[in-house]
Amino acid sequence: MQNKNILLGVSGGIAAYKACSLTSKLTQAGANVRVMMTENASEFVSPLTFQALSRNPVYIDTFDEKNPQKIAHIDVADWADIAIIAPATANSIGKLANGIADDMLSTTLLATEADVYIAPAMNVHMYAHPAVIKNMKQLEQWNYYFIEPGSGFLACGYVGKGRLEEPESIIDTVVNHQNSKKIQGPMNGKKVLVSAGPTREQIDPVRFFTNRSSGKMGFAIAEAAAELGAEVTLVTGPVNLETKNTSIKRVDVITSEEMYQAMHDHFDDKDVVIKAAAVADYRPKHTFIEKLKKQSGNWNVEMERTQDILQSLGEIKNKQFLVGFAAETTQPLEYGLKKLQKKNLDAIVINNVSSEGAGFEGDTNIATYVNESLNPEEIPLTTKKEMALKLLELILRDLRDDKL
Ligand code: PMT
């Protein structure tokens, strides 16, 4: 952050108070910060607060031109190395996604060529509204970078997703993302989506169905792709793993339904999608709100099919190179090839999970990679990290120009 010119856009939500701390931390980190507020934001926090914390004048009004030599919104747009919008309201996101420039902040954001980071904060239902989702997807496609809101108590009284990410975390994300852009690797400029881990299908508040996936294989792929220079989003089920490379955008989910949603939310703009997660094929038909008391005799749990996430992505893919995994215990090649074709994949990684050193939980794997040519390529016993690098090498080889 040292000597970086940061434009901090503050739009009108209660989380504007957190932007004060963000301004202070950015300034302490050595950045030159100029704050631009919407009129609505100035209802929540006084511009003077930001002026004192940034030691720079605060911009609100497009027509408040203090220097006749310059046009302020173009000058700030050109000056900025990085722009951060925090908090970003549904309104400010909507305006940017639709090219609306009707105040100082929205006009400047259209004029800047800086990297723009958007940290949304809003009511949980607003965040889930199709219009907001559509606008965010559009901006992601245009390479705007989102810093996902956290879950918790919201000022509006609801509990859920929509709370502005903490200032430290916003700065970490920006720094890590800027650093990852400097990595020169064969996956530079590629956007990769990886799924990892199991899903958990709840029967009652204390019992659930799951499987043995530890997430190690999927995490290894995400880490390796980031090391090769890719911009990585990792959707993970419940695992005990940390994302060591903090440039990876991590989305935590629990159920197969949540994984379905997260994979679809992050799919559109990706170049490569790798589905290493072990998704439950069945879930209890009824989830009991209260813990079920034990009774004499057997308990039959009626199960229903979950959606096949990979197959649904295969149906809508356009430019994405879609890679599935197959965990088999018998006739791995035969069953794996069926999945490749049925799910409209570009490649499949087949692991015989009954082989020693392969599959779930351990640090190693043995796999067969098969692409559209249906020619099996064996990857012998190796660490999951090495396996991940080898798989990415094969995927890079197979990426056709028309997929980029
Ligand atoms: O996590 P680890 O402990 O490191 O273990 C790694 C692993 C064994 C989980 C991994 O290497 C692996 O094989 N992952 C796929 C496991 C699996 O669910 O296989 P499958 O054959 O049941 O499914 C085939 C493909 O369809 C997979 O890509 C799966 O993500 C996908 N699928 C399956 C069911 C479903 N409802 N939706 C899906 O998207």
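The values are calculated or read from the model by the stated rules, or taken from the named source; none is laboratory data. Treat the numbers as computed from the prediction; the structure is a model and nothing was measured. Note that each Cβ is placed from the backbone with ideal geometry, even for glycine, and that neighbours are counted across all protein chains shown.
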Take the conditions under 20 Å from K137 (Cα atoms) and without any contact (Cβ under 8 Å) to a residue 12 or more places away in the chain and apply them to N298. Does it pass? no
Go through segment 318-358 and give me each residue that's among the small types (G, A, S) and crowded, with 23+ Cβ neighbours inside 10 Å. G324, A326, G336
Are there any pairs, at least 6 apart or on different chains, whose C-beta atoms fall under 8 Å, with the first in segment 271-295 and more than 27 Å from L389 (Cα to Cα) and the second hydroxyl-bearing (S, T, Y) and at pLDDT 95 or above, and if so, which? D281/T306; Y282/T306; R283/T255; R283/S256; R283/T306
So in segment 133-158, with the set limited to residues that are touching a residue at least 12 places away in the same chain (Cβ under 8 Å) and among the hydrophobic types (A, V, I, L, M, F, W, C), which one is farthest from Q28 (Cα to Cα)? I133
Looking only at strands (runs of 3 or more DSSP E) that lie completely in segment 302-367, which have at least 2 residues being closer than 26 Å to A262 by Cβ and more than 10 Å from the ligand (Cβ to nearest atom)? 303-305
Take V124 and decide whether it is closer than 30 Å to F288 by Cβ and surrounded by fewer than 16 Cβ atoms within 10 Å (Cβ to Cβ). no
Given the options I254, I289, name the one that is more than 25 Å from K181 (Cβ to Cβ), in a loop (DSSP other than H, G, I, E, B) and under 17 Å from the mean Cα position of the chain (by Cα). I254
Checked pairs for segment 325-343, first farther than 10 Å from V370 by Cβ and in the same structural domain as I395 (by TED's automatic domain parsing), second near the ligand (Cβ under 7 Å from one of its atoms) and among the charged types (D, E, K, R), C-beta under 8 Å and 6 or more apart or across chains, list as F325/K275; Y335/E328; K343/D308
M217 - would you say it is in a loop (DSSP other than H, G, I, E, B) and buried (at least 20 other Cβ atoms within 10 Å of the Cβ)? no
Residues that are modelled with pLDDT under 95 and among the basic types (K, R): does segment 295-312 have at least one? no
Can you spot a residue in segment 358-371 that is at pLDDT below 95 and of a type in the set (S, T, N, Q)? no
Report the residue count in segment 224-241 for those that are farther than 12 Å from A196 by Cα and surrounded by fewer than 23 Cβ atoms within 10 Å (Cβ to Cβ). 3
Neighbours by Cβ (under 8 Å, 6+ apart or cross-chain): first from segment 243-254, not assigned by TED's automatic domain parsing to the domain that holds A226; second part of a strand (DSSP E or B): none
Which residue is nearest to the ligand (Cβ to nearest atom), if the candidates are limited to segment 188-201 and must be in contact with a helix residue (DSSP H, G or I) (Cβ under 6 Å, 6 or more places away or on another chain) and more than 30 Å from E302 (Cβ to Cβ)? V194
Given the condition closer than 25 Å to I133 by Cβ, of a type in the set (A, V, I, L, M, F, W, C), in contact (Cβ under 8 Å) with a residue 24 or more places away in the chain and more than 8 Å from the ligand (Cβ to nearest atom), answer yes or no: does some residue in segment 202-222 qualify? yes
Just to check your reading of the model, which residue among G94, G99, G12 is within 22 Å of the chain's Cα centre (by Cα), farther than 20 Å from D172 by Cβ and either small (G, A, S) or not assigned by TED's automatic domain parsing to the domain that holds V159 (or both)? G94
May I ask you to list the residues in segment 134-174 that are in a strand (DSSP E or B), among the hydrophobic types (A, V, I, L, M, F, W, C), farther than 22 Å from E113 by Cβ and out of contact with any Phe, Trp or Tyr (no Cβ under 6 Å at 6 or more places or on another chain)? F153
Of all residues in segment 187-202 being buried (at least 18 other Cβ atoms within 10 Å of the Cβ) and outside any loop (DSSP other than H, G, I, E, B), which is farthest from the chain's Cα centre (by Cα)? E201
Got a sec? Which of A52, A16, A29 is of a type outside the set (S, T, N, Q) and crowded, with 18+ Cβ neighbours inside 10 Å? A16
Taking K182 as meeting all but one of (1) crowded, with 19+ Cβ neighbours inside 10 Å; (2) more than 11 Å from the ligand (Cβ to nearest atom), write down the number of the exception. (1)
